[in-house]
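Participant: My questions all concern the structure below.
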Amino acid sequence: MEGYRVKEYGMPVKRYCQTLDLKNNPELIAEYRKIHSREEAWPEIREGIRSVGILEMEIYIIGSRLFMIVETPLDFDWGTAMKRLAQLPRQTEWEDYVGRFQECVPGSSSAEKWRLMERMFYLYES
């Protein structure tokens, strides 16, 4: 594994990390990966994510466990942005669509599905 290059923004940013489990079904997981591909991801969803102030979003997978990294400006307010995101056109439709792959309560928003994680270790600068 060679790792993943990280964007440089020319300004300080903050990072949010989240997790979510998919249904443990290889066919569903393969389809979930496919619908998140560059070719198949809904452009309105990508645009909506950026419109609420998110600079970058990455999702990693191992088995049926997802890990998401979200990078934002320092003045980003998570609660406000998630409320705005939930109101955007097609967002509810997208959440319902991807909800069939996810271990979640039907009809839940992205903020309700994804669990924010607490950083418990940081390799501080010396």
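Participant: Exactly one of these conditions fails for Gly99: (1) touching a Pro at 6+ places or on another chain (Cβ under 7 Å); (2) at positive phi. Give me its number.
Facilitator: (2)
Participant: So, one more: Just need a number here: residues in segment 80-126 that are closer than 27 Å to Ser37 by Cα and in a helix (DSSP H, G or I).
Facilitator: 20
Participant: Quick check on my filter: what residues within segment 34-57 are surrounded by 13 or more Cβ atoms within 10 Å (Cβ to Cβ) and acidic (Asp, Glu)?
Facilitator: Across segment 34-57, the qualifying residues are Glu44, Glu56.
Participant: Being within 24 Å of Pro89 (Cα to Cα), without any contact (Cβ under 8 Å) to a residue 12 or more places away in the chain, of a type in the set (D, E, K, R) and in a helix (DSSP H, G or I) is the filter here, so list the residues in segment 19-56 that pass it.
Facilitator: Lys34, Arg46, Glu47, Arg50
Participant: Hey, another quick one. Which one is farthest from Tyr32 (Cα to Cα), of the residues in segment 57-79 that are touching a strand residue (DSSP E or B) at 6+ places or on another chain (Cβ under 8 Å) and assigned to a loop (DSSP other than H, G, I, E, B)?
Facilitator: Leu74
For every residue, the table says whether it meets (1) at pLDDT 95 or above; (2) in contact with a strand residue (DSSP E or B) (Cβ under 8 Å, 6 or more places away or on another chain); (3) within 20 Å of Lys113 (Cα to Cα).
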site	(1), (2), (3)
Thr19	yes, yes, yes
Asn25	yes, no, yes
Ile45	yes, no, yes
Ser51	yes, no, no
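Participant: Only one of these is surrounded by 13 or more Cβ atoms within 10 Å (Cβ to Cβ) and closer than 16 Å to Trp42 by Cα: Trp114, Trp94. Name it.
Facilitator: Being surrounded by 13 or more Cβ atoms within 10 Å (Cβ to Cβ) and closer than 16 Å to Trp42 by Cα holds for just one of Trp114, Trp94, which is Trp94.
The values are calculated or read from the model by the stated rules, or taken from the named source; none is laboratory data. Keep in mind that this is a model prediction, so the values were computed, not measured. Neighbour counts are summed over all protein chains in view; Cβ atoms, including those assigned to glycine, are modelled from backbone coordinates with ideal geometry.
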